[in-house]
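Shown below is the structure under consideration.
The values are calculated or read from the model by the stated rules, or taken from the named source; none is laboratory data. Note that the structure is a prediction, hence the values are computed from the model and not measured. Quick reminder, even Gly has a Cβ in these numbers, built from the backbone with ideal geometry, and neighbours come from all protein chains shown.
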């Protein structure tokens with residue numbers, strides 16, 4: 001399934017959650033999508049049941065309603081999940097969540113940062129890094145921190161298609177290339 005199909009579903013959900021009369025906020029919708037996504041990824045049996053052609057659609061919807069009730073999901077989101085399942089798209093649910101997260105970032109005027117670090121940073125360092133990238137991008141930021149011991153030290157920050165690489169691994173590779181070529 002390509003992103004264009006996922007975007008149609010996301011656009012429909014976004015249109016509903018941005019209406020003033022909707023009780024489900026766009027941010028809450030993301031949280032609930034992520035909750036269901038975690039349940040789906042932690043239970044292969046659930047994924048099989050929801051994607052199996054052998055299981056009747058009404059049984060799949062009943063299962064989703066039961067899970068939604070137990071997980072505290074909004075009725076609107078449960079209905080969305082039922083539609084996604086009825087249309088046999090539940091196997092690509094992670095793509096729906098990613099696309100919705102991207103839509104929400106655009107809707108809120110936010111830029112997504114993916115920060116790779118050799119070791120965890122403290123709150124002061126993360127606040128300073130986020131402030132720096134708010135200034136660089138001119139936007140609010142949503143930051144995901146990933147542990148990557150291969151970078152040895154420093155960090156690399158992905159902002160859209162731009163990579164800001166301040167990792168020790170890249171610096172050492174660059175130094176090695178310069179030494180091998182005889183450049184200073």
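Restricting to the stretch 152-179, name every residue that is under 12 Å from residue 119 (Cα atoms) and modelled with pLDDT under 80.
Listed by number, the list holds a single entry, 167.
Separate question: Looking only at residues that are in contact (Cβ under 8 Å) with a residue 24 or more places away in the chain and either outside any helix (DSSP H, G or I) or not assigned by TED's automatic domain parsing to the domain that holds residue 68 (or both) in the stretch 7-39, which one is surrounded by the fewest Cβ atoms within 10 Å (Cβ to Cβ)?
Looking at the filtered set, the residue picked out is 23.
Here is a follow-up. Mind telling me which of the residues 58, 45 ends up being at pLDDT 95 or above, over 17 Å from the mean Cα position of the chain (by Cα), surrounded by fewer than 15 Cβ atoms within 10 Å (Cβ to Cβ) and not assigned by TED's automatic domain parsing to the domain that holds residue 145?
When all the criteria are applied, what remains is 58.
Still on this model: Counting only residues that are surrounded by 12 or more Cβ atoms within 10 Å (Cβ to Cβ) and outside any helix (DSSP H, G or I), how many does the stretch 93-127 have?
Count: 11.
Does residue 50 fit the bill of being surrounded by 17 or more Cβ atoms within 10 Å (Cβ to Cβ) and assigned to a helix (DSSP H, G or I)?
yes
Looking at the structure I just gave you, is residue 111 over 16 Å from residue 16 (Cα atoms) and either modelled with pLDDT of 90 or more or in contact with a strand residue (DSSP E or B) (Cβ under 7 Å, 6 or more places away or on another chain) (or both)?
So residue 111 passes the test.
Would you mind telling me which numbered condition in (1) surrounded by 15 or more Cβ atoms within 10 Å (Cβ to Cβ); (2) farther than 25 Å from residue 12 by Cα; (3) in contact (Cβ under 8 Å) with a residue 24 or more places away in the chain residue 130 fails?
(3)
Being within 15 Å of residue 37 (Cα to Cα), in contact with a helix residue (DSSP H, G or I) (Cβ under 8 Å, 6 or more places away or on another chain) and surrounded by fewer than 17 Cβ atoms within 10 Å (Cβ to Cβ), is that true of even one residue in the stretch 75-91?
The answer is yes; a qualifying residue exists.
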